[in-house]
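Data first, discussion second: the structure below is written as C-alpha cells.
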C-alpha cells in the first residue's frame, strides 16, 4: 500500500495504516471519523466516501482548512521554497503533477541572485493587498509555517532541528510537493472539526459511523493537548455504549490499558525505526488493537 504523508509527527501510525484501512473496510461503515486526527495520515489514506477529520490543535486544523480552501496558494508557497533547479521540475499548477523521484538531489547550486529573488517572491506571496498596501496573509502564513516546521524539524515536533540520523528533510519536502495533488484531492472531501472527543461522539455516533482512535500517548509531552487518566476512563466508557463501530490503537507497553479497555482484540509488533537513535530504544514497537467490529 502506497502511503501519502504530508508531515512528520510524533507517534505517527505509518506502520499500521494498512490494518486500520482493513478494519474499516471490514466494518461495512460509510462514515469514517478520525477522532484524534493529528497529522492527518490516517484520514489521507483511508479511502472513505465520507471523512471527518477532528483535531484539537488549532494549527493543524488551520493547515488542513487552507489545503481544503486554498490549495493553489499553499502549493505556490511550497514551490517558492525550493531552489530554482528543483522547482522547475514541478508544474505551476499542482493538478498537472506527475510523479518524480523523492530523492532527486541533483543539479548545480543556486546562485545568490536566484536565491534572493526566490526569497523576495516568497515574502510577496505571503502578503496580500489591501487599501493600505501589503499586509501579511496570516491565515496562509500560519498554515505554511506549521507545515514547513513539521517537515524540517526533528520528529516533526518543531522544537529541534533535523539531524544526520533523521530521514532527509529535503527529500521529504520534495515528496510532499510531488504528492500535493493527491493530498488536495483527499482533503477536499473532508469535514474538518476542532472539538473535544466527547463532543465528536455526541455529534457523529450512528449505526453507520466508524471511529478511529489514536489518543495522545500517556506520559509524553509531545502534544499541545495531552490525555489524563480521567480522559482515558471517559473514553473507555464511551466506547462501551456507542452505536457505531470503532478501532482503537494503543501502545501495548502501557500498563493501564487492560484495566481500562479489557484485553486487546490482538497485538502486533513492528520494527521501531527510531531504535538505533536512542541507547534505551526498543527494537520493536508493540501495538494493542481494540475493536467492536465483529
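The values are calculated or read from the model by the stated rules, or taken from the named source; none is laboratory data. As the structure is a computational prediction, the values presented were derived from the model and not from experiment. Here the Cβ positions follow ideal geometry from the backbone for every residue, glycine too, while neighbour counts run over all protein chains shown.
Each row is one residue, and each column tells you yes or no for (1) surrounded by fewer than 17 Cβ atoms within 10 Å (Cβ to Cβ); (2) under 15 Å from the mean Cα position of the chain (by Cα); (3) modelled with pLDDT of 90 or more; (4) not assigned by TED's automatic domain parsing to the domain that holds residue 252.
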| position | (1), (2), (3), (4) |
| --- | --- |
| 128 | yes, no, no, yes |
| 137 | no, no, no, yes |
| 164 | yes, no, no, yes |
| 233 | yes, no, yes, no |
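Does residue 183 satisfy the criteria of being in a strand (DSSP E or B), within 19 Å of residue 69 (Cβ to Cβ) and at pLDDT 95 or above?
Values: in a strand (DSSP E or B): no; within 19 Å of residue 69 (Cβ to Cβ): yes; at pLDDT 95 or above: yes.
Here the answer is no, as residue 183 does not meet what is asked.
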**Study point:** residue 214 vs. criteria at pLDDT below 95, under 17 Å from residue 55 (Cβ atoms) and touching a strand residue (DSSP E or B) at 6+ places or on another chain (Cβ under 8 Å)
**Key:** yes
Practice item. Give me a count of the residues in the range 241-255 that are at pLDDT 95 or above and surrounded by fewer than 16 Cβ atoms within 10 Å (Cβ to Cβ). Key: 2
**Study point:** Where residue 72 falls short, out of the listed (1) in contact with a helix residue (DSSP H, G or I) (Cβ under 6 Å, 6 or more places away or on another chain); (2) within 16 Å of residue 137 (Cα to Cα)
**Key:** (1)
